[in-house]
1. Which condition does CYS121 not pass, out of (1) modelled with pLDDT of 90 or more; (2) of a type in the set (A, V, I, L, M, F, W, C); (3) not assigned by TED's automatic domain parsing to the domain that holds GLY33, if it passes all the others?
2. I'm checking my understanding of the structure. Among residues of the stretch 4-19 that are surrounded by 11 or more Cβ atoms within 10 Å (Cβ to Cβ) and more than 24 Å from the chain's Cα centre (by Cα), which one is farthest from VAL76 (Cα to Cα)?
3. Going by what's in this entry, would GLY108 be described as in contact (Cβ under 8 Å) with a residue 24 or more places away in the chain, in a loop (DSSP other than H, G, I, E, B) and over 25 Å from the mean Cα position of the chain (by Cα)?
4. Does any residue in the stretch 160-171 that is more than 15 Å from GLN189 (Cα to Cα) come within less than 6 Å, Cβ to Cβ, of a residue that is among the β-branched types (Val, Ile, Thr) six or more places away or on a different chain, and which pairs are these?
5. Looking at the structure I just gave you, is ASP88 charged (D, E, K, R), modelled with pLDDT of 90 or more and not in a loop (DSSP other than H, G, I, E, B)?
6. Kindly evaluate THR36 against the criterion of being touching a residue at least 24 places away in the same chain (Cβ under 8 Å), of a type in the set (Ser, Thr, Tyr), in contact with a strand residue (DSSP E or B) (Cβ under 9 Å, 6 or more places away or on another chain) and in a strand (DSSP E or B).
7. For the stretch 143-156, does any single residue satisfy the condition of being at positive phi, outside any loop (DSSP other than H, G, I, E, B) and modelled with pLDDT of 85 or more?
8. Does the stretch 52-60 contain at least one residue that is touching a Lys or Arg at 6+ places or on another chain (Cβ under 8 Å), farther than 30 Å from TYR140 by Cβ and without any contact (Cβ under 8 Å) to a residue 12 or more places away in the chain?
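The values are calculated or read from the model by the stated rules, or taken from the named source; none is laboratory data. What you are looking at is a predicted structure, and each value in this text was computed from that prediction instead of being measured. Because the Cβ atoms are built from the backbone with ideal geometry, glycine has one as well, and the counts that use them run over all protein chains shown.
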Amino acid sequence: MVGGYTMKKHLILAPNFDIESLLIKNIKKLIKGSCTHTKLYITLDNITKEEASAVLSYLDTLGTYEISLDENYYTVEELLNFEYFYCDGQRKPDVGINFVNFEFVENGNASFDYTKFCPKCKKGLLQIKPFTVKGLSPKYESKKFVTPFWTYWVVSAYFKDKLIEQSITGVDFWELFNSKGQASKTNFQMKPKNILQNVLSLEDTNCTKGCPMCDNMRVGIKGEVVKLYKESKEVLLDFNELSEHNMSTLNGMYIISKKLLLTFIDENILPHKDIEVHPVEFV
């Protein structure tokens, strides 16, 4: 519990015994959330800590099992008690779109400035031009929001217009080009204007040791809440990017406002289901 708000749990369990209909029936009696299963896994979602404990105690009486996923999260209603959020995009990033040229080879992609690129840790890339990509097929016209490469945000023309209509601040929309130099008319990159320097508290994060060549770190979010220094609140827009690099080597650590989150929700792009969202606390 953080800030007085109770979190829900998402569990994926792998019993070392048969998953039979009676087992699932008994589990459903213990919870108010959802319970689905395959031959190998039981998935529980939207359950309380107490319900999770009751299910695990029941399974203990039947045999051994592995916990494949144990995730805590806020419901949409609880999230909306906060003003800002860390959002790293889709829970399952899109794999259909890719760079035409691989960007981790020095000067290998004209979309990046390699001045501060480190050949050892592969960090320091700065996007200066629109991307040339492959895989941006007509099917993406109907996909309002995808995050290829675990980092960059791509929106449909419809959703771009929606964000402009809502006067979302801190965002530019960059064109995406194919290998023939033709700009997509259906999808655009959502590019942050506001880069936040040194506002992330490293408390409750996983940090790699500094690179021996450039002293850069990779930062991973491990808690349910992301902590920013309170001074940063004065400069936050609706869409912001942290200067730190995430675990995927590229940047892509974004802070969004409640206004932007509500725009996602209005378009049925939902926290926990579709996008990964953590509330921000100011320290």
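1. Here CYS121 meets the rest and fails (1).
2. That would be PHE17.
3. no
4. If the second residue must be among the β-branched types (Val, Ile, Thr), the pairs left are GLN166/THR263.
5. Numbers: charged (D, E, K, R): yes; modelled with pLDDT of 90 or more: no; not in a loop (DSSP other than H, G, I, E, B): yes.
Judged against the criteria, ASP88 is not a match.
6. For THR36, the condition - touching a residue at least 24 places away in the same chain (Cβ under 8 Å), of a type in the set (Ser, Thr, Tyr), in contact with a strand residue (DSSP E or B) (Cβ under 9 Å, 6 or more places away or on another chain) and in a strand (DSSP E or B) - is not met.
7. Checked the stretch 143-156: no residue is at positive phi, outside any loop (DSSP other than H, G, I, E, B) and modelled with pLDDT of 85 or more.
8. For the stretch 52-60, residues touching a Lys or Arg at 6+ places or on another chain (Cβ under 8 Å), farther than 30 Å from TYR140 by Cβ and without any contact (Cβ under 8 Å) to a residue 12 or more places away in the chain: absent.
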